[in-house]
Amino acid sequence: MFTRTWNWAAPLTTARPAVEPGVRPAARPVDGGFSLSGRWRLTSHRPPAWLALPLTAAGPTPGSTADEGGWDLFVVPGRARLLSGPSESRPPTGLLELTDIYVPAGLATRRSGVPLRATDANFLGVAVTAMALGATRRLTDVLARLSDGNRSAAVPAAELAALTHDEQAALRSTLYGLRDASEVTAPAAGPLARAVKVARHVVAGAYEGAIAFVRHDGRHPLAYLVEAATPILQVTRFVEDFAIRRNHQRTESSA
C-alpha cells in the first residue's frame, strides 16, 4: 500500500478481520510502534512473506478500534514466520491469531489516503528517493552526535554525511526546473537509481559505525531510525526497476 499521504508501499496480501461479538482486532501504542492482537482470516492458503492486517473489514468508522491517531492498517511478517510453539496450539488453517505482536511504527498506516495509480510511477520514484535520502540524513545526524569527540568514529561519520549531502545536491540539480514529477523520464531515472544505492550504502555504513555505541541494554542507538526507514528502503526497489524500464525503452526507441 502506498498513498499520497503515507509512506509505506508493497504488493501485500490482506487478511480479513475475524470479528466476533464483543471481540475484534485491536492495536495499542507502545514504545516505537504498536502491540497488535486479534484474529484474521487469510485469503490465501500459501503463506505470504508479508501480510497487511486491517482492524476493521471496512474503512475507518467512528468508534472503530483504531488508536487515537487513526492507525488502522498494520504490516506483519507472514504466518509461517509468526507461528511458534507446538502444532496443536496453533489456530486452524486459514486463521491467523496474534497476541501482543510488536509492529514498528514504520509498518503502520491509515487506509484513508488516496491510492496511487500506475500513472503515478514518476511521482512515486521521486517521492520515495527523496524520503530515502531524508532518512539517511537523519541517521548521519544522529551518528555525528554519537561520534563527537571520538576521532576514529567521527571521520567515517563525516564521510557518510558528506556523501548524503552531495547526493541530495546532485539529485536536486537533476530535478531542478521540472514543472512536476511527470516530467521525470529517462535522463532522470538514472540519477534516481544512483541516489537509492547511495542511500542504502549510507544506512549500512551508519549502522555499522554506531555499533561502537551500543547501549548497556544491548539496544543499537540507530535501531529505531533504521526500523522506521526500512519500509521506505524496501520501496526503493521500485525506483531501480523504474530506471531499468526507462533505459530499456530509450534503447529500443533509438535502435
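The values are calculated or read from the model by the stated rules, or taken from the named source; none is laboratory data. None of the values given here were measured: they were computed from a predicted structure. With ideal geometry, Cβ positions are generated from the backbone for all residues, glycine too; neighbour counts draw on all protein chains shown.
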Starting from region 35-49, keep only residues that are in the same structural domain as GLU97 (by TED's automatic domain parsing), then list their pairs with residues that are among the hydroxyl-bearing types (Ser, Thr, Tyr) and at pLDDT 80 or above whose Cβ atoms are within a distance under 8 Å, requiring at least 6 positions of separation or different chains.
SER35/TYR102; LEU36/TYR102; SER37/THR99
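Given ARG194, ARG172, ARG117, ARG138, which one is at pLDDT 70 or above, farther than 30 Å from GLY38 by Cα and exposed (fewer than 13 other Cβ atoms within 10 Å of the Cβ)? Explain how you work it out, then say what you get.
Working: ARG194 fails: exposed (fewer than 13 other Cβ atoms within 10 Å of the Cβ); ARG117 fails: at pLDDT 70 or above; ARG138 fails: exposed (fewer than 13 other Cβ atoms within 10 Å of the Cβ).
Exactly one of ARG194, ARG172, ARG117, ARG138 is at pLDDT 70 or above, farther than 30 Å from GLY38 by Cα and exposed (fewer than 13 other Cβ atoms within 10 Å of the Cβ), namely ARG172.
Can you tell which of ALA57, ALA52, ALA26 is modelled with pLDDT under 90, aliphatic (A, V, I, L, M), in the same structural domain as TYR102 (by TED's automatic domain parsing) and over 20 Å from the mean Cα position of the chain (by Cα)?
Details: ALA52 fails: over 20 Å from the mean Cα position of the chain (by Cα); ALA26 fails: modelled with pLDDT under 90.
On inspection, the qualifying residue turns out to be ALA57.
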Look through region 200-218, keep the residues that are in contact (Cβ under 8 Å) with a residue 60 or more places away in the chain and of a type in the set (Gly, Ala, Ser), and return whichever of them is surrounded by the most Cβ atoms within 10 Å (Cβ to Cβ).
ALA206
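Could you check, for region 146-156, whether at least one of its residues is small (Gly, Ala, Ser), surrounded by fewer than 12 Cβ atoms within 10 Å (Cβ to Cβ) and at pLDDT 80 or above?
Applying the first criterion (small (Gly, Ala, Ser)) to region 146-156 yields 147, 149, 152-154.
Pick out the ones that are also surrounded by fewer than 12 Cβ atoms within 10 Å (Cβ to Cβ) and you get 149, 152.
Keeping just the survivors that are at pLDDT 80 or above gives 149, 152.
The answer is yes, given that some residue of region 146-156 is small (Gly, Ala, Ser), surrounded by fewer than 12 Cβ atoms within 10 Å (Cβ to Cβ) and at pLDDT 80 or above.
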Return yes when SER44 is surrounded by fewer than 18 Cβ atoms within 10 Å (Cβ to Cβ) and at pLDDT 80 or above and no when it is not.
no
Condition broken by ASN122, with the remaining ones in (1) at pLDDT 90 or above; (2) assigned to a helix (DSSP H, G or I) satisfied:
(1)
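Please work out if LEU160 is touching a Ser or Thr at 6+ places or on another chain (Cβ under 9 Å), crowded, with 17+ Cβ neighbours inside 10 Å and at pLDDT 90 or above. Even if it seems obvious, please write down each step before you answer.
Working: touching a Ser or Thr at 6+ places or on another chain (Cβ under 9 Å): yes; crowded, with 17+ Cβ neighbours inside 10 Å: yes; at pLDDT 90 or above: yes.
For LEU160, the condition - touching a Ser or Thr at 6+ places or on another chain (Cβ under 9 Å), crowded, with 17+ Cβ neighbours inside 10 Å and at pLDDT 90 or above - is met.
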